[in-house]
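For reference, the structure discussed in these notes is given below.
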Amino acid sequence: MVSDAVAVGVLTFIGTASATLTGLWQWRRVQAREQRAEFRVQKVEALKAVWEALSDLEEAQRASILVVEYDAQDATERLTQVNLLLLRRSPFLRPDEQEWATAFARHVTEIDTVLRTQMEDGRPDASWWITSAIQPASSHVASVAAQQLRNLRTTLGDRYAAVVRGDSE
């Protein structure tokens, strides 16, 4: 028969091992929770940076329509900065968010290009682009891009708001 001392030793070992494993399991759960929280914070920061960069790009392109002397180098630099930001923040953006942001920047640039090719008296006909109230009669490309830009602005804005609220990852 097994002596009482051996039985107590085995039971003590089993108790110690189960307590250690339980502690390790709880520690890993806490670590995972902290990592998820940190990732969420970084995701919110990434979406905020992308949202602000895209908004600034659109605002700058709209404002540049009113300027007589257009600086193509400046516009290219702004677009480059947006693209670099998307690359830097890509680990925290879902593929659809990256696609939306890229399409947003592409549509802003596309509209700007169409407007600049439709110059009248050395100035683009920008009345519809400044207010977004009137679509140009002559440009189907700009009309489609403007509609897609509005949809992307809404989609990205809704996703950003949902992530900030904690409704989406």
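The values are calculated or read from the model by the stated rules, or taken from the named source; none is laboratory data. As the structure is a computational prediction, the values presented were derived from the model and not from experiment. Backbone-built Cβ (ideal geometry, glycine too); neighbour counts: all protein chains shown. We work out accessible area using only protein heavy atoms, side chains counted, and drop any ligands, DNA or RNA first. Shrake-Rupley method; radii C 1.70, N 1.55, O 1.52, S 1.80 Å.
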Exercise for the section: For region 77-86, state whether one or more residues are farther than 27 Å from L156 by Cα and either touching a residue at least 60 places away in the same chain (Cβ under 8 Å) or surrounded by fewer than 12 Cβ atoms within 10 Å (Cβ to Cβ) (or both). Expected result: no
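Right, A5: among the hydrophobic types (A, V, I, L, M, F, W, C), without any contact (Cβ under 8 Å) to a residue 60 or more places away in the chain and open to solvent by less than 70 Å² (accessible area, probe 1.4 Å) or not?
Numbers: among the hydrophobic types (A, V, I, L, M, F, W, C): yes; without any contact (Cβ under 8 Å) to a residue 60 or more places away in the chain: yes; open to solvent by less than 70 Å² (accessible area, probe 1.4 Å): no.
So A5 does not fit the description; no.
Regarding L66, is this residue touching a strand residue (DSSP E or B) at 6+ places or on another chain (Cβ under 9 Å) and open to solvent by 70 Å² or more (accessible area, probe 1.4 Å)? Reasoning before the result, please.
Values: touching a strand residue (DSSP E or B) at 6+ places or on another chain (Cβ under 9 Å): yes; open to solvent by 70 Å² or more (accessible area, probe 1.4 Å): yes.
The answer is yes for L66.
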Handout entry: Subset tally (residues that are polar (S, T, N, Q) and open to solvent by 70 Å² or more (accessible area, probe 1.4 Å)) for region 26-56
Key = 2
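Each row is one residue, and each column tells you yes or no for (1) more than 26 Å from Y70 (Cα to Cα); (2) part of a helix (DSSP H, G or I); (3) open to solvent by 80 Å² or more (accessible area, probe 1.4 Å); (4) modelled with pLDDT of 75 or more.
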position	(1), (2), (3), (4)
R116	no, yes, no, no
W129	no, yes, no, no
Q135	no, no, no, no
S138	no, no, yes, no
V144	no, yes, no, yes
Q147	no, yes, yes, yes
D158	yes, yes, yes, yes
V164	yes, yes, no, yes
S168	yes, no, no, no
Exercise for the section: Take D71 and decide whether it is farther than 30 Å from R40 by Cα, exposed (fewer than 15 other Cβ atoms within 10 Å of the Cβ), charged (D, E, K, R) and at pLDDT below 85. Expected result: yes
Handout entry: Lone unmet requirement of (1) modelled with pLDDT of 85 or more; (2) open to solvent by 50 Å² or more (accessible area, probe 1.4 Å); (3) under 21 Å from V141 (Cβ atoms); (4) more than 14 Å from the chain's Cα centre (by Cα) for H107
Key = (2)
Fill in the blank from the handout: Checked pairs for region 52-64, first over 15 Å from R116 (Cα atoms) and in contact (Cβ under 8 Å) with a residue 40 or more places away in the chain, second of a type in the set (S, T, Y) and open to solvent by 30 Å² or more (accessible area, probe 1.4 Å), C-beta under 9 Å and 6 or more apart or across chains, list as L57/T109
Exercise for the section: State yes or no: is R153 open to solvent by 40 Å² or more (accessible area, probe 1.4 Å) and modelled with pLDDT under 80? Expected result: no
